[in-house]
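Contents: one structure, followed by commentary.
The values are calculated or read from the model by the stated rules, or taken from the named source; none is laboratory data. Nothing here was measured: the structure is a model prediction, and the numbers come from that model. Cβ placement follows ideal geometry from the backbone for every residue including glycine, while neighbour counts extend to all protein chains displayed. To get the accessible areas, we keep the full protein, side chains included, count just its heavy atoms, and leave off ligands, DNA and RNA. Shrake-Rupley method; radii C 1.70, N 1.55, O 1.52, S 1.80 Å.
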Amino acid sequence: SFNEKLEAEFTVHLATEQRLAVLFLDLDRFKEINDLFGHLVGDAVLQCVAEKIRSILKPGQMVARLGGDEFAVIVPGLPSAAYATRTAEAILDAFNDTGANLPAGVTIGTSIGIAV
């Protein structure tokens, strides 16, 4: 689970002083999607978002849905804080991809916070 992975990475961090980052994502306008298109489309959007993020991540990194329209990404073994920023930028670029496999008529963005 997400919490177990995060705890394990903190243990590694404390033992080796390797940095890690946690990216917190909040989908923009997700409530509007549910209101306009219904919860089935909203669920499909959540699945597309998770798949899109998963496709960007490297081995050892993890994405999890925290609830509602919130996701978190664990980026262990961080070579630099700039690497966390580049990971966030790659995720943002994926959201800007017009062919993001979302249901017809649906567009979505995200806001990302980074903790290193």
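Key figures
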{"read-out": "Å² per residue, accessible surface of the chain at 1.4 Å", "value": "58 Å²"}
{"read-out": "Heavy-atom accessible area order for Phe95, Phe71, largest first, 1.4 Å probe", "value": "Phe95, Phe71"}
{"read-out": "Identified option (computed semi-axes √(5λ) of the Cα gyration tensor in Å; candidates (1) 28, 14, 11; (2) 22, 18, 17; (3) 20, 17, 14)", "value": "(1)"}
{"read-out": "Net charge dipole size for the range 2-115 [Lys, Arg +1 and Asp, Glu -1 on Cβ; Debye, nearest 20]", "value": "260 debye"}
{"read-out": "Spin-label proximity, Leu14 to the range 50-79 - amide N less than 18 Å from point 7 Å beyond Cα toward beta carbon", "value": "76-77"}
{"read-out": "Relative contact order of the chain, pairs being alpha-carbon contacts under 8 Å that are 6 or more residues apart, as %", "value": "40 percent"}
{"read-out": "Of all accessible heavy-atom area on the chain, the percent that carbon and sulfur account for (1.4 Å)", "value": "53 percent"}
